[in-house]
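What follows is a set of notes on a single structure, which appears directly below.
The values are calculated or read from the model by the stated rules, or taken from the named source; none is laboratory data. These numbers come from a predicted model, not from an experiment. Positions of Cβ are backbone-derived with ideal geometry, glycine not excepted, and every protein chain shown enters the neighbour counts. Only protein heavy atoms, including side chains, enter the accessible area calculation; ligands, DNA and RNA are left aside. Shrake-Rupley method; radii C 1.70, N 1.55, O 1.52, S 1.80 Å.
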Amino acid sequence: MTTLMAIGGAVDFEEPIIFKEFIKRAGGVKARIIVLPQASGLKNTGKEYCETFQALGVKQKPISLEFRERKDADKQKHLDALRVATGIFIAGGTQMRLTSIIGGTTFESELLSAFKRGGVVAGTSAGTAVMSKVMLAYGKSGATPRERIAQFSPGLGFTDKIIFDQHFRQRDRLGRLAYAISMHPGVLGVGVDENTCAIVEDDKYIIVCGRNAITIVDGTEMVSTNVAEVEGSRPVAVSGLKIHVLTEGCSFDMRKLKAMIPRIKLE
């Protein structure tokens, strides 16, 4: 089974339910975890995540791959670490840092191979954005889709069925995700709130974990849009998008495009 854990950023280190879920899915105490800190501009990011995972019970010391230059990506020790990893955690920061360093390298190929053989890939903030084949690289806030509210570039391509966005409700990003789906109605837009995770299993099911919500924008029944004609950062009209807002315990069937919301028992 393939597993993506797309985290919206700002994970609660004091109540680390998302980190615990990542460790459990990566093998529990026997997990072999590597951290990719390349998106971050802070030098201790990788070390801090490694210490967190070890404090949560991982016996084999997690490894942070600290290279920041393309020429270092394909070092044998980095490739060897990928080949035995059961969990890969991609830190936040600026997603373009990560794609510009590893895009087109052997390291990138090994990363995708690790995912396909069952390694759990988790990312937070920028680490979530890079998971998509079509990546939201830059954008502006706002509830209304507007021409050029977002810019796109190739991501790492763990999935070609979803465009992820992060810090979603906290930074008012519905407009840019609606804009993305008006241009790419064959994929799902998945906006993930902070301290929340969208767990994608086999590109078939999405499960919500965490304290806030995920927003799914489904464009498969889109009726019409003027996205191709609008200029000058003006508002874009779009009709027929379907919106799902899901919280912890909810799930979404990507094949049937149907949300499952569990009943809450009244006391």
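When residues of the stretch 125-180 are filtered for being assigned to a loop (DSSP other than H, G, I, E, B) and either out of contact with any strand residue (DSSP E or B) (no Cβ under 6 Å at 6 or more places or on another chain) or touching a residue at least 60 places away in the same chain (Cβ under 8 Å) (or both), how many remain? Write out each step before concluding.
Of the residues in the stretch 125-180, the ones assigned to a loop (DSSP other than H, G, I, E, B) are 125, 130-131, 133, 140-145, 147-149, 155-158, 160-161, 167-173.
Narrowing the set further to residues that are either out of contact with any strand residue (DSSP E or B) (no Cβ under 6 Å at 6 or more places or on another chain) or touching a residue at least 60 places away in the same chain (Cβ under 8 Å) (or both) leaves 125, 130-131, 133, 140-145, 147-149, 155-158, 160-161, 167-172.
Qualifying residue count for the region: 25.
Going by the structure shown, is F115 outside any loop (DSSP other than H, G, I, E, B), without any contact (Cβ under 8 Å) to a residue 40 or more places away in the chain and either out of contact with any strand residue (DSSP E or B) (no Cβ under 9 Å at 6 or more places or on another chain) or open to solvent by 10 Å² or more (accessible area, probe 1.4 Å) (or both)? Walk me through it before giving the result.
Numbers: outside any loop (DSSP other than H, G, I, E, B): yes; without any contact (Cβ under 8 Å) to a residue 40 or more places away in the chain: no; either out of contact with any strand residue (DSSP E or B) (no Cβ under 9 Å at 6 or more places or on another chain) or open to solvent by 10 Å² or more (accessible area, probe 1.4 Å) (or both): yes.
In short, no.
Taken over the stretch 256-267, the criterion of being open to solvent by less than 60 Å² (accessible area, probe 1.4 Å) and not in a loop (DSSP other than H, G, I, E, B) is satisfied by A259 alone. Just one of the numbered conditions (1) assigned to a loop (DSSP other than H, G, I, E, B); (2) within 26 Å of G27 (Cα to Cα) is not true of Q54: (1).
Looking at the stretch 214-244 only, could you name the residues that are surrounded by fewer than 16 Cβ atoms within 10 Å (Cβ to Cβ) and β-branched (V, I, T)?
Residues of the stretch 214-244 surrounded by fewer than 16 Cβ atoms within 10 Å (Cβ to Cβ): 220-221, 223-224, 226, 228-229, 231-235, 237, 239-240, 242-243.
Answer for the stretch 214-244, where residues must be surrounded by fewer than 16 Cβ atoms within 10 Å (Cβ to Cβ) and β-branched (V, I, T): T220, V223, I243.
Filtering the stretch 200-241 down to residues that are of a type in the set (S, T, N, Q) and part of a loop (DSSP other than H, G, I, E, B), which residue is nearest to G119 (Cα to Cα)? Don't jump to the end; show me each part of the working.
Start the filter on the stretch 200-241 by keeping residues that are of a type in the set (S, T, N, Q), which leaves 212, 215, 220, 224-226, 233, 239.
Applying the additional criterion that residues be part of a loop (DSSP other than H, G, I, E, B) yields 212, 220, 226, 233.
Details: N212: 26, T220: 30, N226: 41, S233: 41 Å.
Looking at the filtered set, the residue picked out is N212.
Flag set for V192, criterion: among the hydrophobic types (A, V, I, L, M, F, W, C), open to solvent by less than 50 Å² (accessible area, probe 1.4 Å) and under 18 Å from T128 (Cβ atoms). Of the residues making up the stretch 53-96, those that are touching a residue at least 40 places away in the same chain (Cβ under 8 Å) and open to solvent by 80 Å² or more (accessible area, probe 1.4 Å) number 0.
Residues in the stretch 97-112 that are open to solvent by 60 Å² or more (accessible area, probe 1.4 Å) and within 21 Å of D165 (Cα to Cα): R97, S100.
In the stretch 1-34, what count of residues is obtained for those that are touching a Leu at 6+ places or on another chain (Cβ under 7 Å) and not in a loop (DSSP other than H, G, I, E, B)?
Of the residues in the stretch 1-34, the ones touching a Leu at 6+ places or on another chain (Cβ under 7 Å) are 16, 19-20, 23, 34.
The next check asks that each one be not in a loop (DSSP other than H, G, I, E, B); those that pass are 19-20, 23, 34.
Going through the stretch 1-34 one residue at a time, the tally reaches 4.
For first residues located in the stretch 20-38 and on the phi > 0 side of the Ramachandran plot, partners that are surrounded by 19 or more Cβ atoms within 10 Å (Cβ to Cβ) and assigned to a loop (DSSP other than H, G, I, E, B) and lie 6+ apart or on another chain with Cβ distances below 6 Å form the pairs G27/T86. Checked against the criterion of being outside any loop (DSSP other than H, G, I, E, B), closer than 25 Å to T99 by Cβ and open to solvent by less than 70 Å² (accessible area, probe 1.4 Å), the stretch 248-255 contains not a single residue that satisfies it. Among the residues making up the stretch 179-188, a single one is buried (at least 20 other Cβ atoms within 10 Å of the Cβ), more than 16 Å from the chain's Cα centre (by Cα) and among the aliphatic types (A, V, I, L, M): I181.
For the stretch 155-178, residues that are open to solvent by 50 Å² or more (accessible area, probe 1.4 Å) and within 14 Å of A126 (Cβ to Cβ) total 1. In the set (1) part of a strand (DSSP E or B); (2) open to solvent by 10 Å² or more (accessible area, probe 1.4 Å), C197 fails one condition alone, (2).
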